[in-house]
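A short write-up of the structure that comes next.
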Amino acid sequence: MFKAIIHGCLLFHCSVDVDNFGRKRKWFHNRRVKAFSSPVWLLCSGKHPTTERRRVLVTGAAGFIGFHVAKSLSQLGDFVVGIDNFNDYYDRNLKRLRAQVLLHQFGISLQDLDITDQEALEHLIREYQFTHILHLAAQAGVQYSLVNPLSYTSSNVQGFVSLLEALKNSCLSMNLDFPVIVYASSSSVYGKNKKVPFSESDSVTMPANIYAVTKISNELVAQVYHNLYGFKLTGLRYFTVYGAWGRPDMSYYLFAEAIYEQRELFLYQTEQPVLSIYPGTVMEPCRDFTHITDIIKGTIAALYKGYDCEVINLGNCYPQRISYMVQCLEELLGKKAIIRYRPLPMGDVPCTYADISKAKNLLDFEPQVNLEQGLKDFSEWFIRWKEWKVDHASAI
Ligand SMILES: NC(=O)c1ccc[n+]([C@@H]2O[C@H](COP(=O)([O-])OP(=O)(O)OC[C@H]3O[C@@H](n4cnc5c(N)ncnc54)[C@H](O)[C@@H]3O)[C@@H](O)[C@H]2O)c1
């Protein structure tokens with residue numbers, strides 16, 4: 001198993017292009033700098049952290065977005081520590097492989113830690129004295145929230161409060177400044193919102209599922225910790241993030257797998273016309289697919305800017321029909337999809353469409369990757385990953 005994973009680290013090199021944002025790295029906050037005496041520093045990275053480096057905790061670093069952003073932060077010179085509970089919501093081998101890549105190619109150590117374990121978090125925070133927290137660990141996925149809602153309230157609500165309490169207690173007891181926090185919210189908070197594009201000023205009181213409820217709750221909790229204690233917190237409302245090393249429970253991945261294995265796949269149809277950018281009537285769901293390369297840039301910009309208390313959409317601002325995504329995958333994988341139709345399931349929403357003017361203003365966010373390019377990047381990785389799993393079937 002271990003050998004197979006190391007081999008995988010060498011095999012899978014990620015094609016995401018990480019630029020340096022055209023900016024010189026700088027110390028953003030006029031903060032007190034503490035002495036770092038802990039020997040743990042020396043164990044976790046090839047390079048010794050200095051007072052000039054940001055020290056970033058990435059929660060959910062074995063996950064899709066966490067893996068990519070952790071890598072990019074490390075490439076930008078930050079000292080990164082990751083945590084994840086490696087749960088079995090989807091293929092653990094993929095999470096382990098991401099962790100191995102982070103360790104062996106980027107010197108990022110990733111600890112098996114559950115964010116509901118406040119005591120362990122406090123220990124970690126005291127040890128590393130983080131300057132920045134990127135909080136991505138969560139139970140993701142909409143449909144699974146109809147099956148196992150308690151895993152959402154536990155990881156997403158209890159886990160978030162436990163992280164904030166651990167930060168509060170550790171920082172106060174050690175007389176440290178609170179780190180800048182960026183946390184993942186979701187386009188799901190807009191729920192059954194009929195007005196498009198979705199703007200941060202729209203009401204979010206019509207959630208369509210428990211997953212959305214937990215993300216709305218995170219935004220409210222963030223507001224409270226900002227008001228009570230002065231935490232700096234930015235919530236990023238991600239819109240259908242996709243790309244290489246992506247999540248196997250998401251539609252683009254499931255459809256690629258069905259096409260690749262020549263199994264039937266189900267496309268949903270709506271009863272009402274869907275508001276979209278297309279002329280004419282669209283009777284199928286649309287999603288504002290946002291490529292991971294753009295999400296990395298927006299997320300790191302939010303982390304480095306460190307606003308007081310904001311929620312910001314990170315989307316592509318160009319919703320596409322899901323059937324068009326399937327057509328692209330057919331071409332890229334060189335096989336026809338076997339399509340069946342079904343009504344939109346309970347808990348799902350017909351359309352997501354981000355207004356990104358706030359992200360443009362606050363983060364200089366400008367999505368660069370269109371769906372065709374993004375799916376090409378994903379498909380190339382997907383084929384390598386499928387082949388690798390076949391080659392290593394006995395080892396994993
Ligand atoms: N991918 C998207 O399209 C999308 C869209 C909107 C919001 N988000 C949010 O972005 C974040 C990252 O999403 P992702 O796509 O990388 O998902 P992911 O499932 O790949 O990553 C989440 C990681 O968190 C870990 N985790 C879950 N519960 C945990 C716990 N209690 N303690 C420690 N680790 C735990 C999981 O093992 C996983 O590796 C999540 O908060 C998700 O809700 C993602």
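Among the residues making up the stretch 26-83, a single one is farther than 16 Å from LEU303 by Cβ, assigned to a helix (DSSP H, G or I) and modelled with pLDDT of 50 or more: PHE64. Based on what the data block shows, is GLN111 surrounded by fewer than 18 Cβ atoms within 10 Å (Cβ to Cβ), under 19 Å from LEU163 (Cβ atoms) and not basic (Lys, Arg)? In short, yes. Summed over the stretch 172-191, residues that are within 23 Å of ALA70 (Cα to Cα) and away from the ligand (no atom under 16 Å from the Cβ) total 4. Of VAL161, VAL221, VAL157, VAL213, all but one fail to be within 26 Å of GLY82 (Cβ to Cβ), within 18 Å of the chain's Cα centre (by Cα) and either among the β-branched types (Val, Ile, Thr) or outside any helix (DSSP H, G or I) (or both); the exception is VAL157.
Kindly evaluate GLN272 against the criterion of being away from the ligand (no atom under 14 Å from the Cβ), outside any strand (DSSP E or B) and farther than 25 Å from VAL349 by Cα. Here the answer is no, as GLN272 does not meet what is asked. Within the stretch 224-241, being in contact with a Ser or Thr (Cβ under 9 Å, 6 or more places away or on another chain) and part of a loop (DSSP other than H, G, I, E, B) holds for PHE239, THR240.
Please indicate, with yes or no, whether at least one residue in the stretch 214-221 is touching a residue at least 12 places away in the same chain (Cβ under 8 Å), surrounded by fewer than 16 Cβ atoms within 10 Å (Cβ to Cβ), more than 10 Å from the ligand (Cβ to nearest atom) and within 23 Å of ASN361 (Cβ to Cβ). Looking through the stretch 214-221, none of the residues is touching a residue at least 12 places away in the same chain (Cβ under 8 Å), surrounded by fewer than 16 Cβ atoms within 10 Å (Cβ to Cβ), more than 10 Å from the ligand (Cβ to nearest atom) and within 23 Å of ASN361 (Cβ to Cβ). When every residue of the stretch 320-334 is checked against the conditions, at least one turns out to be assigned to a loop (DSSP other than H, G, I, E, B) and of a type outside the set (Asp, Glu). Scanning the stretch 82-106 for residues that are under 20 Å from GLN139 (Cα atoms) and either over 16 Å from the mean Cα position of the chain (by Cα) or more than 10 Å from the ligand (Cβ to nearest atom) (or both) yields ASP88, ASP91, ARG92, ASN93, ARG96, LEU97.
So that you can scan it fast, the table gives a plain yes or no per residue for (1) part of a helix (DSSP H, G or I); (2) crowded, with 21+ Cβ neighbours inside 10 Å; (3) among the hydroxyl-bearing types (Ser, Thr, Tyr):
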{"site": "LEU134", "(1), (2), (3)": "no, yes, no"}
{"site": "GLY141", "(1), (2), (3)": "no, no, no"}
{"site": "TYR152", "(1), (2), (3)": "yes, yes, yes"}
{"site": "LEU167", "(1), (2), (3)": "yes, yes, no"}
{"site": "LEU172", "(1), (2), (3)": "yes, no, no"}
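Determine if the stretch 318-328 includes at least one residue that is within 18 Å of the chain's Cα centre (by Cα) and under 30 Å from ASN218 (Cβ atoms). Within the stretch 318-328 (the criterion being within 18 Å of the chain's Cα centre (by Cα) and under 30 Å from ASN218 (Cβ atoms)), the answer is no, since none of the residues qualifies. Taken over the stretch 107-141, the residue count meeting the criterion of being more than 10 Å from the ligand (Cβ to nearest atom), touching a Gly at 6+ places or on another chain (Cβ under 7 Å) and β-branched (Val, Ile, Thr) is 1. Tell me which residues, restricted to the stretch 87-115, are assigned to a loop (DSSP other than H, G, I, E, B) and either out of contact with any Ser or Thr (no Cβ under 7 Å at 6 or more places or on another chain) or among the basic types (Lys, Arg) (or both). Matches in the stretch 87-115: ASN87, ASP88, TYR89, TYR90, ASP91, LEU113, ASP114. The selection criterion, being surrounded by fewer than 22 Cβ atoms within 10 Å (Cβ to Cβ) and free of Cβ contacts under 8 Å to residues at least 40 places away in the same chain, holds for PRO279. In the stretch 170-183, the residues that are of a type in the set (A, V, I, L, M, F, W, C) form Cβ pairs under 6 Å with partners that are within 16 Å of the ligand (Cβ to nearest atom) and modelled with pLDDT of 95 or more, at six or more places apart or across chains, as follows: ILE181/ILE133; ILE181/LEU233; VAL182/LEU134; VAL182/THR234; VAL182/ALA302; VAL182/LEU303.
A quick yes/no check of all residues on (1) polar (S, T, N, Q); (2) touching a residue at least 24 places away in the same chain (Cβ under 8 Å); (3) more than 20 Å from THR293 (Cα to Cα):
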position: ALA61; (1), (2), (3): no, yes, no
position: HIS68; (1), (2), (3): no, yes, no
position: LYS71; (1), (2), (3): no, yes, no
position: LEU76; (1), (2), (3): no, yes, no
position: GLY82; (1), (2), (3): no, yes, no
position: GLN111; (1), (2), (3): yes, yes, yes
position: GLU127; (1), (2), (3): no, yes, yes
position: PHE130; (1), (2), (3): no, yes, yes
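Selection of the stretch 282-323 for residues being in contact with a His (Cβ under 8 Å, 6 or more places away or on another chain) and surrounded by fewer than 19 Cβ atoms within 10 Å (Cβ to Cβ) yields GLY306, ASP308, CYS309.
For PHE130, the conditions (1) in contact with a helix residue (DSSP H, G or I) (Cβ under 8 Å, 6 or more places away or on another chain); (2) assigned to a loop (DSSP other than H, G, I, E, B) all hold with the exception of (1). Only one of the numbered conditions (1) crowded, with 21+ Cβ neighbours inside 10 Å; (2) within 13 Å of the ligand (Cβ to nearest atom); (3) small (Gly, Ala, Ser) is not met by SER74, and that is (2).
Scoring LYS194 on the criteria (1) over 18 Å from the mean Cα position of the chain (by Cα); (2) part of a strand (DSSP E or B) leaves a single failure, condition (2).
The values are calculated or read from the model by the stated rules, or taken from the named source; none is laboratory data. Please read all numbers here as calculations on a predicted model, not as lab measurements. Quick reminder, even Gly has a Cβ in these numbers, built from the backbone with ideal geometry, and neighbours come from all protein chains shown.
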